[in-house]
1. Which condition breaks for L305 when tested against (1) farther than 26 Å from K128 by Cα; (2) buried (at least 18 other Cβ atoms within 10 Å of the Cβ); (3) hydrophobic (A, V, I, L, M, F, W, C); (4) out of contact with any helix residue (DSSP H, G or I) (no Cβ under 9 Å at 6 or more places or on another chain)?
2. Among (1) β-branched (V, I, T); (2) in a helix (DSSP H, G or I); (3) in contact (Cβ under 8 Å) with a residue 40 or more places away in the chain, where does V326 come up short?
3. Does D336 qualify as being within 20 Å of the chain's Cα centre (by Cα), surrounded by fewer than 24 Cβ atoms within 10 Å (Cβ to Cβ) and within 29 Å of N98 (Cα to Cα)?
4. Quick check on this structure: which one of P165, P122 is farther than 24 Å from A358 by Cβ and crowded, with 18+ Cβ neighbours inside 10 Å?
5. Of these, L354, L346, which one is within 19 Å of P119 (Cβ to Cβ) and in a helix (DSSP H, G or I)?
6. Is it the case, given these coordinates, that E188 is surrounded by fewer than 17 Cβ atoms within 10 Å (Cβ to Cβ) and modelled with pLDDT of 95 or more?
7. Could we say that F55 is buried (at least 19 other Cβ atoms within 10 Å of the Cβ) and of a type in the set (F, W, Y) here?
8. Restricting attention to region 331-356, which residues are in contact with a Ser or Thr (Cβ under 7 Å, 6 or more places away or on another chain) and among the β-branched types (V, I, T)?
Amino acid sequence: MNGSCSISTRCIVEVLVVLPAALLAAACTSMPAPPYAVDVPVGVHDGRARFTEIFCSVLQERGESLPDYRPCAEALSNLASQPPPTGRAVDLGPSKSNLQARVVPGIGYACIAAWLQSPSTPREHVGKFGYDLQLVDVDALSGTAKNAGQIRDAIMAMPQEAGPPRVVLFGYSKGTPDVLDAVVRYPELQQRVAAVVSIAGAVAGSPLANDASQWEADMFRHWPKAECDSGDGGAVASLRPDVRKAWLAGSKLPPAIRFYSVVTLPDRDHISTIVKPTYRKLSKIDPRNDSQVIYSDQIIPGSTLVGFLNADHWAVVIPIDRAHGVIGSTFVNHNDYPREALLEALLRYVEEDLSAAASR
């Protein structure tokens, strides 16, 4: 699963100022953070119990054969309360519906893609079980409306097969508002898209965007090997909380599509040095954040809450440490996460849930 840059590019600038203090603080001994207390919003279905069973089964079965292995207890967030397990068996065999996963990255991804050198292991891994995974190309620095049109064109260009829709749109960070805008703006997508999965999505925006400007995002155009342009220049503005909340209040998500929310909520020991400044800034509002987005702002209204992941905003998707070891051992020092296992677990969860919904 490929990724993108953070909600606020300002953190890259800020880290140059606060890094010495951050390194000193990291060297000090600290007590383990207490479990997070979280709320499931009214109207949101709690699907964490079943996803936990599936994710833990995948991690146990695949073990260290996949990169960045973590035991299940460390891969999931430390929460004060958890729903009880369902006790149902988990099928880890071939896919029965061969879902077609399409990933929409966030702000800046097209600018850093060549430098990032994202491995193909996520696509190869889920492909072994019959799932198809591809990236949707969207503008790195445009607003949601323009990117929604690009998503629409990419999905409608896919061959339409007989039977129920099999496309699952994964939105990461700003990719989630882009996807939500697309499925609302273009009703024809309801004939193609079965589900939308938000991963660390800026569903209700991020307060960091209030203090950022588009020229800061434009710095990604000068990233090593960057191949991107300024687009319509609306990326940062589209992530401001007032913009996103106004869109949510005025938009009705199509009932024909099922929506799922995956929240990143790391403990302090799993936040990379480079994003600690923005984590602390957001913590003045709510310490339950992933360094870019507050946990509650990652949940799609009326969706199924799939799970809370012990990963910061970058680590859950962006594999910086795999191609850039020096950066991964210093500034981005908690970038490891079992992304291949996560993607398999999410596809299996969605496939099972879609099958149950169809039978009902």
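The values are calculated or read from the model by the stated rules, or taken from the named source; none is laboratory data. All values reported here derive from a predicted model rather than from experimental measurement. Here Cβ is always computed from backbone atoms with ideal geometry, including for glycine, and neighbour counts include all displayed protein chains.
1. Checking L305 against (1) farther than 26 Å from K128 by Cα; (2) buried (at least 18 other Cβ atoms within 10 Å of the Cβ); (3) hydrophobic (A, V, I, L, M, F, W, C); (4) out of contact with any helix residue (DSSP H, G or I) (no Cβ under 9 Å at 6 or more places or on another chain), the one that fails is (4).
2. So the condition that V326 fails would be (3).
3. For D336, the condition - within 20 Å of the chain's Cα centre (by Cα), surrounded by fewer than 24 Cβ atoms within 10 Å (Cβ to Cβ) and within 29 Å of N98 (Cα to Cα) - is met.
4. That would be P122, the only listed residue that is farther than 24 Å from A358 by Cβ and crowded, with 18+ Cβ neighbours inside 10 Å.
5. Going through L354, L346 in turn, the sole match is L346.
6. In short, yes.
7. It is true that F55 is buried (at least 19 other Cβ atoms within 10 Å of the Cβ) and of a type in the set (F, W, Y).
8. The answer is V332, and nothing else.
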